[in-house]
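Visitor: So that we are looking at the same thing, I have put the structure below in structure tokens.
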């Protein structure tokens with residue numbers, strides 16, 4: 001029983017981190033109708049910028065103040081993500097107003113390659129560390145209830161809590177603020193939003209900045225967990241079944257989808273894996289998402305889109 | 001419009017210029033020995049691929065500066081394949097047309113894909129520390145050279161080392177050993193040897209595959225926490241290794257009970273984990289980090305101090321830099337040996353290089369003279385033994401650097417040899433191949 005609880009908790013905490021990355025997809029899709037394939041590359045660039053600015057400033061400060069170095073790292077990485085958002089709007093999206101969704105999707109693929117290449121060119125392709133003081137050792141709880149207790153990974157727990165706070169904040173931002181409503185209006189119809197005075201260009205910069213912020217938080221958390229390196233890009237791929245399952249247009253969907261995928265893949269690996277040779281958690285997440293698609297093509301929480309023809 | 005015309009003119013000019021450069025390279029190829037270099041400097045495995053590639057290319061530079069191999073200059077060209085088998089095969093196809101006379105595929109998956117092709121093309125494949133374990137049998141695998149050691153060597157020594165830690169191989173009875181492996185041909189390669197050893201000594205072998213690239217291993221390590229294996233063997237590459245060590249820390253599994261293969265025992269695998277990896281050990285492909293060796297001092301003096309270093313100066317002498325450097329040295333010495341028979345100062349063909357590789361005799365005197373004293377033990381190949389050596393040491397991460405923690409081990413030929421022969425015979429039967437005879441070997 002303790003092992004089942006451990007697996008469940010591990011899955012929930014991992015799922016929360018998937019939700020965080022999935023949120024980046026959902027935000028940009030809700031605000032611009034673009035499925036942003038560059039989200040993984042944004043996570044990589046944000047984490048690289050954070051790690052390198054922090055490392056350089058720590059060296060410049062004589063290695064005395066990790067806290068100050070991290071603050072400089074976060075500010076520097078935030079500035080980089082702002083420049084990315086501005087450049088994407090100025091040089092890419094502005095030229096593509098009212099284009100087909102498929103065109104915009106392909107454009108984000110191109111943005112992903114450019115970001116991956118430029119990020120590694122500027123900041124390097126080695127493994128870098130982010131040390132924000134996350135605890136690495138586990139804690140054992142409920143030893144009185146279960147033999148051996150239940151293991152909780154403190155780092156995962158704190159990361160999941162941070163992700164939950166950010167997700168909650170963004171939900172409020174989207175649902176309750178004027179900017180959030182403007183973003184949703186732009187997503188529904190570019191031209192209609194412009195006709196009622198919503199500045200399209202500014203809105204896009206804002207939403208890419210918010211997605212950049214989400215990428216930065218995800219980059220710091222994942223970078224702290226697994227080191228800052230190219231593989232962070234693949235973290236975004238782990239979030240794809242989450243958005244398929246939760247629905248591309250739903251912030252709550254990203255959260256619930258993340259939790260379901262997180263728990264589902266861990267339980268499947270532990271309990272089904274041994275019967276089929278193991279190593280199934282990655283593709284099993286897609287199987288779960290596909291099963292949902294069979295019955296609810298818009299995902300669990302997505303909007304049902306009906307086009308008149 | 002003016003800019004567009006200018007850009008067009010520049011593009012045409014650059015195409016013309018590059019044609020001129022390529023034709024010069026093509027002309028040069030007739031007199032030069034061409035070394036194709038398959039690398040992965042980008043992608044999920046770049047952090048490990050870069051130092052290997054830098055060491056490989058660095059080694060070739062002073063050879064040329066000193067006049068080449070008996071006067072034959074070396075040319076080389078990198079091909080980026082991102083550790084993807086399909087792209088590795090593409091690189092092979094592209095570079096073999098440039099008079100490639102040996103390949104180092106740097107991937108077990110690519111080696112499997114190229115084994116049949118290389119036979120047709122008559123190009124030797126050097127797979128130092130990776131590739132097909134049964135390809136040690138040179139009478140069947142006539143073009144494969146798993147020099148210095150195969151994964152069966154690694155697996156065999158790993159069990160010997162664990163046995164020693166437990167107080168003898170007989171003490172392994174009833175123990176549980178988990179293999180956490182990259183779910184790929186590379187990761188699966190040691191399984192037959194480990195199963196054989198498990199039968200011999202009565203330990204239980206638990207197999208735990210990890211999907212590429214290995215960034216998510218929580219479920220794997222929760223199973224390890226539940227099943228409490230006595231030892232964990234880590235057969236990973238790239239980010240999988242550091243993730244595994246971090247998950248071991250996060251689930252409280254002692255790093256002292258973990259032992260990695262030589263591809264899971266380099267600086268990129270532990271640097272990011274730091275003190276959390278303290279006590280973690282890995283096998284070495286003879287060498288470890290060798291910052292004080294003569295060959296490293298030579299590289300610094302002859303390459304980096306002249307501003308010709310391929311990568312950062314700080315990485316010279318690191319584990320994977322040394323692996324690349326030694327791999328290049330083996331190729332160079334294969335060509336040099338071939339020249340001894342087929343003519344000094346001549347460019348060798350693939351078949352001639354194969355003869356050189358299966359008649360390598362790098363004794364300790366030669367190795368010491370080349371600067372490898374304390375780094376390597378002798379390598380002697382033959383027509384039937386394409387591996388030439390099976391020496392392994394163990395090194396341990398002390399929180400800031402790797403340090404050797406064992407004496408030399410050698411794979412047990414009584415275990416290895418029957419398995420190699422059986423697997424090679426099976427391959428020969430599948431492909432309808434005849435073993436080379438003693439007469440054919442002598443040719």
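Visitor: So, in the stretch B:221-239, of the ones that are facing another protein chain (nearest Cβ under 9 Å) and under 27 Å from residue B:51 (Cβ atoms), which residue ends up surrounded by the most Cβ atoms within 10 Å (Cβ to Cβ)?
Guide: Filtering first and then ranking leaves B:238.
A quick yes/no check of all residues on (1) over 30 Å from residue B:217 (Cβ atoms); (2) surrounded by 21 or more Cβ atoms within 10 Å (Cβ to Cβ); (3) within 16 Å of the chain's Cα centre (by Cα):
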site: A:44; (1), (2), (3): no, yes, yes
site: A:55; (1), (2), (3): no, no, no
site: A:68; (1), (2), (3): yes, no, no
site: A:81; (1), (2), (3): no, yes, yes
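Visitor: Every residue in the stretch A:201-228 that is more than 16 Å from residue A:38 (Cα to Cα) and within 14 Å of chain B (Cβ to nearest Cβ), please.
Guide: A:221, A:222, A:223, A:224, A:225, A:226, A:227, A:228 - these are the residues of the stretch A:201-228 that are more than 16 Å from residue A:38 (Cα to Cα) and within 14 Å of chain B (Cβ to nearest Cβ).
Visitor: Can you tell me how many residues in the stretch A:234-262 are surrounded by fewer than 22 Cβ atoms within 10 Å (Cβ to Cβ), more than 11 Å from chain B (Cβ to nearest Cβ) and part of a helix (DSSP H, G or I)?
Guide: 4
Visitor: A follow-up question, please. Regarding the stretch A:94-102, can at least one residue be identified that is crowded, with 21+ Cβ neighbours inside 10 Å and part of a helix (DSSP H, G or I)?
Guide: Initially, the stretch A:94-102 is screened for residues crowded, with 21+ Cβ neighbours inside 10 Å, giving none.
No, there is no match, as no residue in the stretch A:94-102 is crowded, with 21+ Cβ neighbours inside 10 Å and part of a helix (DSSP H, G or I).
Visitor: Let me ask something else. Can you say whether residue B:44 is within 14 Å of chain A (Cβ to nearest Cβ), more than 16 Å from the chain's Cα centre (by Cα) and buried (at least 18 other Cβ atoms within 10 Å of the Cβ), as far as the supplied structure shows? Talk me through it step by step, then tell me what you get.
Guide: On the way: within 14 Å of chain A (Cβ to nearest Cβ): yes; more than 16 Å from the chain's Cα centre (by Cα): yes; buried (at least 18 other Cβ atoms within 10 Å of the Cβ): yes.
For residue B:44, the condition - within 14 Å of chain A (Cβ to nearest Cβ), more than 16 Å from the chain's Cα centre (by Cα) and buried (at least 18 other Cβ atoms within 10 Å of the Cβ) - is met.
Visitor: Within the stretch B:345-378, which residues are within 21 Å of the chain's Cα centre (by Cα), within 18 Å of residue B:144 (Cα to Cα) and part of a loop (DSSP other than H, G, I, E, B)?
Guide: Passing the criteria: B:358, B:359, B:360.
Visitor: Report, by residue number, each residue of the stretch A:277-294 that is within 20 Å of residue A:236 (Cβ to Cβ), within 12 Å of chain B (Cβ to nearest Cβ) and without any contact (Cβ under 8 Å) to a residue 12 or more places away in the chain.
Guide: Scanning the stretch A:277-294 gives a single hit, A:283.
Visitor: In addition: Can you pull out every residue in the stretch B:58-86 that is under 23 Å from residue B:186 (Cβ atoms) and either within 14 Å of another protein chain (Cβ to nearest Cβ) or assigned to a helix (DSSP H, G or I) (or both)? I'd like the intermediate steps shown before the answer.
Guide: Applying the first criterion (under 23 Å from residue B:186 (Cβ atoms)) to the stretch B:58-86 yields B:78-86.
Within the stretch B:58-86, B:80, B:82, B:83, B:84, B:85, B:86 meet the criteria.
Visitor: Of everything in the stretch A:71-129, what is under 13 Å from residue A:212 (Cβ atoms) and touching a strand residue (DSSP E or B) at 6+ places or on another chain (Cβ under 8 Å)? Give them in sequence order.
Guide: Matches in the stretch A:71-129: none.
Visitor: Have a look at B:273, B:332 and point out the one that is more than 15 Å from the chain's Cα centre (by Cα) and buried (at least 23 other Cβ atoms within 10 Å of the Cβ).
Guide: Values: B:332 fails: buried (at least 23 other Cβ atoms within 10 Å of the Cβ).
Going through B:273, B:332 in turn, the sole match is B:273.
Visitor: Can you tell me which residue among A:143, A:126, A:147 is farther than 22 Å from residue A:235 by Cα, in contact (Cβ under 8 Å) with a residue 24 or more places away in the chain and either surrounded by fewer than 17 Cβ atoms within 10 Å (Cβ to Cβ) or within 9 Å of chain B (Cβ to nearest Cβ) (or both)? Reasoning before the result, please.
Guide: Details: A:143 fails: in contact (Cβ under 8 Å) with a residue 24 or more places away in the chain; A:126 fails: farther than 22 Å from residue A:235 by Cα.
Only one candidate passes the filter, namely A:147.
Visitor: While we're here: Give the stretch B:120-132 a look and list any residue that's over 17 Å from residue B:183 (Cα atoms) and out of contact with any strand residue (DSSP E or B) (no Cβ under 9 Å at 6 or more places or on another chain), or say none. Even if it seems obvious, please write down each step before you answer.
Guide: First, the residues of the stretch B:120-132 that are over 17 Å from residue B:183 (Cα atoms): B:120-129.
Correct list: B:120, B:122.
Visitor: A further question on this structure: For residue B:164, work out the one condition from (1) surrounded by fewer than 24 Cβ atoms within 10 Å (Cβ to Cβ); (2) within 14 Å of chain A (Cβ to nearest Cβ) it doesn't fulfil.
Guide: (2)
Conditions (1) assigned by TED's automatic domain parsing to the domain that holds residue B:341; (2) modelled with pLDDT under 95; (3) surrounded by 13 or more Cβ atoms within 10 Å (Cβ to Cβ); (4) within 24 Å of residue B:117 (Cβ to Cβ), marked per residue:
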position: B:372; (1), (2), (3), (4): yes, no, yes, no
position: B:375; (1), (2), (3), (4): yes, no, yes, no
position: B:388; (1), (2), (3), (4): no, no, yes, yes
position: B:407; (1), (2), (3), (4): no, no, no, no
position: B:423; (1), (2), (3), (4): no, no, yes, yes
position: B:431; (1), (2), (3), (4): no, yes, no, yes
position: B:434; (1), (2), (3), (4): no, yes, no, yes
position: B:439; (1), (2), (3), (4): no, yes, no, no
position: B:443; (1), (2), (3), (4): no, yes, no, yes
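Visitor: Residue B:250 is checked against (1) within 14 Å of chain A (Cβ to nearest Cβ); (2) touching a residue at least 60 places away in the same chain (Cβ under 8 Å); (3) crowded, with 24+ Cβ neighbours inside 10 Å; (4) in contact with a strand residue (DSSP E or B) (Cβ under 7 Å, 6 or more places away or on another chain) and fails just one. What number does that condition carry?
Guide: In the conditions (1) within 14 Å of chain A (Cβ to nearest Cβ); (2) touching a residue at least 60 places away in the same chain (Cβ under 8 Å); (3) crowded, with 24+ Cβ neighbours inside 10 Å; (4) in contact with a strand residue (DSSP E or B) (Cβ under 7 Å, 6 or more places away or on another chain), residue B:250 misses (2) alone.
Visitor: Output the number of the condition that residue B:158 fails; it satisfies all remaining conditions of (1) buried (at least 22 other Cβ atoms within 10 Å of the Cβ); (2) within 14 Å of chain A (Cβ to nearest Cβ); (3) outside any loop (DSSP other than H, G, I, E, B).
Guide: Only one criterion is unmet by residue B:158, namely (2).
Visitor: Mind counting the residues in the stretch B:256-271 that are assigned to a helix (DSSP H, G or I) and either within 10 Å of chain A (Cβ to nearest Cβ) or in contact (Cβ under 8 Å) with a residue 60 or more places away in the chain (or both)?
Guide: At the first step, the residues of the stretch B:256-271 found to be assigned to a helix (DSSP H, G or I) are B:256-257, B:262-264, B:267-270.
Now restrict to residues that are either within 10 Å of chain A (Cβ to nearest Cβ) or in contact (Cβ under 8 Å) with a residue 60 or more places away in the chain (or both): B:262-263, B:267-270.
Summing the residues that are assigned to a helix (DSSP H, G or I) and either within 10 Å of chain A (Cβ to nearest Cβ) or in contact (Cβ under 8 Å) with a residue 60 or more places away in the chain (or both) in the stretch B:256-271 gives 6.
The values are calculated or read from the model by the stated rules, or taken from the named source; none is laboratory data. Just so it is clear, the model here is predicted, and its values are computed rather than measured. Cβ sites come from the backbone with ideal geometry, for glycine too, and all protein chains shown count toward neighbours.
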